[in-house]
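Derivation of every value follows stated rules applied to the coordinates shown; laboratory data play no part. Bear in mind the structure is a predicted one, so any value in this text is a computation, not a measurement. Every residue, glycine as well, gets a Cβ built from its backbone with ideal geometry; the counts of neighbours run over all protein chains shown.
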Amino acid sequence: MGKDRTQKKAVTAKSAGLMLCRECDKLMQYSHVMTKGVACPRCGATVHHRVPQSLAKAWALTLTALIFLIPANTFPIMKIVFMGEGELSTIIDGVILLVHHGMIPIALIIFIASIAVPFLKITGIVVLLLSVQLKWRLNPRQRTTMYRMVEWIGRWSMIDIFVIAILVKLVCMGAIAEIQGGLAAGFFGLAVVFTMLAANSFDSRLLWDNIENNLN
Amino acid sequence: MNGMDRNELHACHECDLLLTVHGVAKGRKAVCPRCGAVLFENKPDTINRTLALTIAGLFLFWPANFLPILSLNIMGNTSYNTMVGAASALATSGQFLVAVLVLFCSVLAPFISLCLLLIILIQTKLQRDVVSLAQLFRFYNHVDSWAMLEIYIIALLVAIIKLLDMAEVDVNFGMLCFIGLLITYLGAKVTLEKSVVWEKIELRKKR
């Protein structure tokens with residue numbers, strides 16, 4: 001059903017010799033002579049009919065994020081001092097501790113936001129990138145939905161960083177109780193930023209170009 | 001009146017489909033038939049409503065950021081948490097990168113967004129010619145995507161629950177202001193129809 005709609009020969013801005021400004025949605029003429037892009041008459045942004053080097057940029061940013069995720073998950077994310085005893089804790093330690101205390105819903109939130117989402121998000125971007133690069137014949141509408149989810153959910157990984165900031169500020173009673181941020185926090189923050197940048201640099205219109213090229 | 005009931009060529013920003021849109025009634029939206037992206041929505045009185053929420057948000061910004069949100073009591077020692085304080089505590093414990101990230105996403109980005117919205121919306125109402133309006137609005141769109149107040153509130157709830165079994169946690173007046181800021185901030189985003197602002201900017205350039 002959905003397939004019929006997508007497989008009908010659709011007129012895109014690109015095929016009609018037009019291009020859309022990604023910043024302000026202004027539709028304008030596209031000339032094949034220009035390769036460097038033109039300034040949008042409305043907002044001044046540089047406009048191309050597709051984001052140049054979108055795939056290469058997205059790959060680079062995704063792999064960077066993946067590399068940062070390794071120290072983010074192995075190094076301690078915080079140090080908890082309670083009654084003079086210090087204890088280092090990684091992301092997964094925090095989740096296990098919450099489970100032991102019987103706080104399953106919170107453990108689930110932290111697990112999803114800090115461990116599952118970053119990895120699922122990277123997997124999602126990689127699948128999208130591969131599907132465009134290898135011209136997989138997958139439903140573009142489903143892939144667009146996947147892209148929107150990847151784009152939306154990425155920021156929620158910041159939860160853990162914010163929780164650490166709040167805990168560090170609140171629990172600062174010296175030897176009685178103190179919480180300090182660990183090395184992993186910086187790596188984790190960078191991983192979140194890079195996955196957000198990766199999702200942003202991916203041009204979702206490529207998912208649909210693929211289909212049109214296949215049919216021609 | 002609302003600048004949206006004209007038959008005009010549009011392209012979907014998510015799948016590049018070219019289409020003509022025949023007028024969108026108040027409160028309704030135009031959706032791309034191919035990928036389902038919302039092309040635009042005819043939001044009633046978008047500029048006035050967004051401006052009102054922006055001003056309210058700016059008023060709430062100061063108490064929300066500088067008044068204590070949570071306080072913790074461990075054996076007679078009390079400590080407070082403020083939005084700005086949380087970021088600075090990270091900086092003093094040597095976590096500069098994380099401190100900058102937290103400060104930007106929870107304090108600076110919302111504040112810059114609100115200020116930009118105020119300037120942009122007032123200028124579109126005053127019909128004054130300002131060259132940089134397009135640049136300001138582009139800047140707003142970029143900064144706004146890094147504002148994470150809605151995530152911060154969930155982080156506050158998680159922090160409360162984590163601390164509950166170890167000490168006494170109290171919710172302070174700042175929390176109320178923060179919730180108010182969150183509601184007005186998200187409300188301003190909901191009532192703002194960007195295409196209306198872009199059209200006004202374009203009209204002004206043509207004159």
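Data overview
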quantity	calculated
Principal-axis tilt of helix B:194-206 within chain B, Cα atoms, nearest 10 degrees	50
Stretch gain in nm, segment B:Leu126-B:Asn73, where the contour uses 0.36 nm per residue and the Cα spacing is subtracted	14.0 nm
Chain A: angle of helix A:206-215 to the longest principal axis, Cα-based, in degrees nearest 10	40
Total formal charge among the other residues, if their Cβ is under 15 angstrom from that of A:Val99, Lys/Arg +1 and Asp/Glu -1	-1
Inter-probe distance in nm under a simple model that places probes 7 Å from Cα toward Cβ, at B:Ile161 and A:Ser15	4.9
Gained length - B:Tyr80 relative to B:His142, 0.36 nm times residue gap less alpha-carbon distance	19.1 nm
Computed lengthening from A:Lys135 to A:Val99, 0.36 nm per intervening residue step minus Cα-Cα distance	8.6 nm
Candidates A:Val193, A:Val11, A:Val126: whichever shows maximal mean-square fluctuation once chain A is modelled as a Gaussian network with Cα springs under 10 Å	A:Val11
Student exercise, the range A:102-216 dipole from Lys, Arg, Asp, Glu Cβ charges, in Debye to nearest 20	320
Estimated dipole of chain B in Debye, rounded to 20 [Cβ of Lys and Arg +1, of Asp and Glu -1, Cα centre]	880
Given charges at beta-carbon only (K, R positive; D, E negative), |dipole| of the protein assembly as shown in Debye	2160
Rg to Rh quotient for the range B:45-206, alpha carbon positions, Kirkwood Rh	1.07
10 Å Cβ neighbours from other chains, averaged over peptide B:99-112	3
With Cα atoms, 0 to 90° folded angle of helix B:46-66 axis to chain B main axis	10
Burial ordering of B:Asp170, A:Asp203, fewest other beta-carbon atoms within 10 Å first	B:Asp170, A:Asp203
Cβ crowding within 10 Å averaged over residues, with B:11-19, A:52-60 ranked highest first	B:11-19, A:52-60
Relative contact order of the range A:74-127, defined on C-alpha pairs under 8 angstrom at six or more residues apart (%)	22
Proximal lysine pairs, chain B, alpha carbons under 22 Å, eight or more residues apart or interchain	21
